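Before any comments, here is the structure.
The values are calculated or read from the model by the stated rules, or taken from the named source; none is laboratory data. Because the structure is a prediction, the values reported are computed rather than measured. Here the Cβ positions follow ideal geometry from the backbone for every residue, glycine too, while neighbour counts run over all protein chains shown.
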Amino acid sequence: MRTLLRARNSGRWLVFIVLGSLAGSTLEAQFGLITREEALASAFPDASVADERIFLTDEQAERIEAIARVDLSGKLYARYVISRNGIVVGRAYVDTHQVRTKKESLLVSLDASGRVQRIDVTVFLEPPEYIAGPSWMRQFHGKPLDGDLAIQRAIRPIAGATLTAHAVSEAVRRVMAIDQVLTTAVEATP
């Protein structure tokens, strides 16, 4: 009977160790990431932020995919409209996508003209060694959405994290196209 209890207890410890190590790897993947609120405050200091949920129409989705030349990951997007003294100074969008087998969420902040001002990783569930660093993300800053905004063109790849580089590049293209379509629709409304 004592042997059976020891075996059961050691099994419990094994479960705790396994669960603890799994939780640790998730925590490591999240370590050092920024919240949306922190990212918005850093990208747009002393500004007012209005959050919206955008549900794209089928027509908008088709236009966005044609402009971005990447598939949409859904039709529902979180958007933040940033203003100072009643004037819109930028917009930010959350893009959640799969990198390899797990999710990544980016907050892509755009200036008033629709160009990338900043990219922040808010969720990264892949192993931490595959995350794209801030210096690599800065390649997108100020660039227009065109054929050159792609890996092996204006954007250099990341050695050992090719899937992350492509996922980020596609997310940025998607966000810029969404912003372009939504901004054009607002400007066309009388």
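Looking across segment 103-121, the residues that are surrounded by fewer than 16 Cβ atoms within 10 Å (Cβ to Cβ) and farther than 19 Å from T35 by Cα come down to A112, S113.
Is it the case, given these coordinates, that I82 is assigned by TED's automatic domain parsing to the domain that holds L182, aliphatic (A, V, I, L, M), surrounded by 15 or more Cβ atoms within 10 Å (Cβ to Cβ) and not in a strand (DSSP E or B)? For I82, the condition - assigned by TED's automatic domain parsing to the domain that holds L182, aliphatic (A, V, I, L, M), surrounded by 15 or more Cβ atoms within 10 Å (Cβ to Cβ) and not in a strand (DSSP E or B) - is not met. Within segment 61-79, the residues that satisfy the criterion of being touching a strand residue (DSSP E or B) at 6+ places or on another chain (Cβ under 9 Å) and buried (at least 17 other Cβ atoms within 10 Å of the Cβ) are Y77, R79. All conditions in (1) over 14 Å from the mean Cα position of the chain (by Cα); (2) part of a loop (DSSP other than H, G, I, E, B) hold for A132, with the sole exception of (1). Number of residues in segment 86-114 that are among the small types (G, A, S) and in a strand (DSSP E or B): the value is 4.
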